[in-house]
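Contents: one structure, followed by commentary.
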Amino acid sequence: MGKKFPVSRKNKLKKVLQRVSFITLGAALMAVALEIFLVPNGVIDGGITGISIMFSKLFGLPLGIFLFLLNLPFLILGYKQIGKTFALSTLLGVVIMSIGTTLLHTVPALTPGEPLLGAIFGGVILGVGVGLVIRSGGSLDGTEIVAIIASEKTPFSVGEIVLFVNVFILGSAGFVFGWPNALYSMIAYYIAMKMIDITIEGLDQSKSVWIISDKYRDIGDALTDRLGRGVTYLEGEGGFTGESKKVIFVVITRLEEAKLKSIVEDWDPQAFVAIGNIHDVKGGRFKKKGIH
């Protein structure tokens, strides 16, 4: 049985509206980047988005159709792996992005015949859009979900799997749009990754979290119950007061950061939370427990 959490309906509604607003904005920005800058110049993005662009070119169908259909299976995986909030947030983002690309398809490109300019400005806008969605607890591409699952069964990290898949996809663009455009696509991808980094302040797939609060037991139970992560309680001592303190330590993925902050704030808005990037995680019990 899950616990009830001390958060008012007003605050909960405010958080939901804020999340929906940022996801909508982020997805809309990605649609602009794709239809106004990248696609008209034969420049693609990585992941499912890149595959969708190539399919749209090969089959002559609207990009939005492939963006929606190809991401659907990964929404189911995301629900099982990360949770309901993530799946719904991702669904909203994918729907907005798909509709946005359809509506913008007839809008003239701002950099026609200028693939380098398209790659630069498209990469910047796309990176900001994706960063806003990830920062709000969602995703616009199923590649990361697959990478998280695959990393549990292979010796490769999530970052290595995403990089491998995207290099393959961006390389394939050469057969569809020509090799110069494939190189422009790599430029756009690199710029987008840097902009995502700036937007969400850290791209590492795993994050270590330290939480200090008098309600450590409630927060720890909530993290296990709602996030599906095991926690460790460490003994600490206040440097000024000398009082004994309990410190919660937990390792999460960056896609779970928004939800963790929400859980901690629900129980103790004054809790001390420190989040650090981890290059990789091996061994121990980092594998997620089941969540409801």
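The values are calculated or read from the model by the stated rules, or taken from the named source; none is laboratory data. Just so we're clear, the structure is a prediction, and the values are computed from it rather than from any experiment. Reconstructed Cβ throughout: ideal geometry from the backbone, glycine too, with neighbour counts over all protein chains shown. The protein model used for the area step is the full one, side chains on, heavy atoms only, and it has no ligands, DNA or RNA in it. Shrake-Rupley method; radii C 1.70, N 1.55, O 1.52, S 1.80 Å.
Can you tell me the orientation of helix 257-267 relative to the chain, as the angle in degrees between its alpha-carbon axis and the longest Cα principal axis, to the nearest 10? Between helix and principal axis, roughly 30 degrees.
Assign unit charges at the C-beta atoms only (+1 for Lys and Arg, -1 for Asp and Glu), then state the dipole size of the range 172-277 relative to its Cα centre in Debye, rounded to the nearest 20. Present the calculation step by step, with values, prior to reporting the outcome.
Working: 11 positive and 15 negative charges, 75 e Å.
My answer is approximately 360 debye.
Helix 47-59 versus the longest principal axis of the chain: what is the Cα-based angle in degrees, 0 to 90, to the nearest 10? Compared with the principal axis, the helix lies near 20 degrees.
Could you tell me the relative contact order of the range 6-76? Use alpha-carbon pairs under 8 Å, at least six residues apart, and round to a whole percent.
So the answer I get is 17 percent.
Measuring with a 1.4 angstrom probe and ignoring ligands and nucleic acids, PHE74 comes out at about 40 Å² accessible.
Just to be sure I follow: if Rg is taken over the C-alpha atoms of the range 127-179 and Rh is the Kirkwood radius over the same atoms, what is Rg/Rh? Rg/Rh for the range 127-179 comes to 1.06. Put a plus charge on the Cβ of each Lys and Arg, a minus charge on the Cβ of each Asp and Glu, and nothing anywhere else: the dipole of the chain about its Cα centre is then about 1020 debye. Maximal additional length on extending the GLU243-ILE278 stretch stands at 9.7 nm, based on 0.36 nm per residue less the C-alpha distance. Phi angles across the range 213-225 convert, under the Karplus curve 6.51 cos²θ - 1.76 cosθ + 1.60 with θ = phi - 60°, into 3J(HN,Hα) values of 7, 5, 9, 4, 5, 5, 5, x, 5, 5, 5, 5, 6 Hz, Gly and Pro given as x.
The slack between HIS105 and ARG217, meaning 0.36 nm per residue of separation minus the straight C-alpha distance, is 35.1 nm.
Only helical runs count toward this figure. For the chain, summing -39,500 (n - 2.57) over DSSP H runs of n ≥ 4 and dividing by all residues gives -19000 deg cm²/dmol at 222 nm.
Look at (1) 1.10; (2) 0.94; (3) 1.02: the one that is Rg/Rh (Cα atoms, Kirkwood Rh) derived from this structure is (3). Distance cut-off 18 Å, Cα to Cα: go down the list LYS15/LYS261; LYS207/LYS245; LYS194/LYS261; LYS15/LYS84 and report the pairs above it. In this structure, LYS207/LYS245; LYS194/LYS261 exceed 18 Å between Cα atoms.
Using the heavy atoms of the protein chains and a 1.4 angstrom probe, tell me the accessible area per residue for the range 76-167 in square angstrom. Before the final figure, lay out the partial values.
Numbers: 4300 Å² over 92 residues.
Per residue, the range 76-167 has 47 Å² of solvent-accessible surface.
In the chain, a dipole from Cβ-located charges (positive for Lys and Arg, negative for Asp and Glu) runs towards its positive end, and of GLY122, GLY230, GLY100 it is GLY230 whose Cα lies farthest in that direction.
Taking all protein chains as shown and a probe of 1.4 angstrom, ILE125 keeps an accessible surface of around 40 Å². Axis of helix 63-81 versus longest Cα principal axis of the chain: the two differ by about 20°, to the nearest ten degrees. On the basis of the beta-carbon distance and an R0 of 51 Å, ASN11 and LEU69 show a calculated FRET efficiency of 0.90. Couplings 3J(HN,Hα) of the range 84-89, computed from phi: 5, 4, 4, 4, 5, 5 Hz, in residue order, whole Hz [Karplus 6.51 cos²θ - 1.76 cosθ + 1.60, θ = phi - 60°; x for Gly and Pro].
GNM on the chain, alpha-carbon springs under 10 angstrom: the most fluctuating residue among ASP214, ASP141, ASP225 is ASP214.
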